[in-house]
């Protein structure tokens, strides 16, 4: 099955991209054939799990709390979205690493970042989770983060990219 990834041209697509990235597909794999497709052409997979374990729920709540300011999904939607993944533990661990990277960057700023800049931080980390740093930097189209901040964020995200596998129907 071909691999698709979405280019994120504007900050407002973050919410859609977040939902798609986290939940639209059944799994993540290394790409063999990279392609870009429009999010509007994709549909979410059905829930694959009736319930999640207590430790998974605790981790999902941490992820939700970390990104709630930059993502308007409700906790219930977030939980439902993790139920859509074939292997929720892998996806939860990926998102926990993203949350740690986000929190570490935000907490080390001498003054509070405004919401738009926080959205860019999230956007960069989200894109980096799917592709190498150089590609993420090019795709993100950042306007508020300076090159030192970008390099700091990318340098602290050391997990291999996990592109999204999209099943064609």
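Is the shape of region 40-150 best called rounded, prolate or oblate, per the rule: a/c under 1.5 gives rounded, else a/b larger than b/c gives prolate, else oblate, with a ≥ b ≥ c the square roots of the Cα gyration tensor eigenvalues? Walk me through the numbers on the way to the answer.
Details: a/c = 2.12, a/b = 1.60, b/c = 1.33.
Prolate, because a/c is 1.5 or more and a/b exceeds b/c.
Which FRET efficiency, nearest 0.05, do residue 114 and residue 90 yield, Cβ-Cβ r, R0 45 Å?
The calculated FRET efficiency here is 0.85.
Residues in region 81-125, backbone N under 20 Å from the label point at residue 50 (7 Å along the Cα-to-beta-carbon vector): list them, ranges by number please.
The answer is 81-89.
How many nm is it between the label spots at residue 76 and residue 107, if each spot is 7 Å from the Cα in line with the beta carbon?
Label-label distance for residue 76 and residue 107, simple model: 3.2 nm.
Could you order peptides 143-151, 96-104 by the average number of other Cβ atoms within 10 Å of their residues, highest first?
96-104, 143-151
Give the calculated FRET efficiency between residue 135 and residue 43 to the nearest 0.05, with a Förster radius of 22 Å applied to their Cβ-Cβ distance.
0.30
Values in this text are rule-based calculations from the coordinates and carry no lab data. Values in this document were obtained by computation on a predicted structure and should not be read as measured data. All Cβ positions, glycine included, derive from the backbone under ideal geometry; neighbour counts span all protein chains shown.
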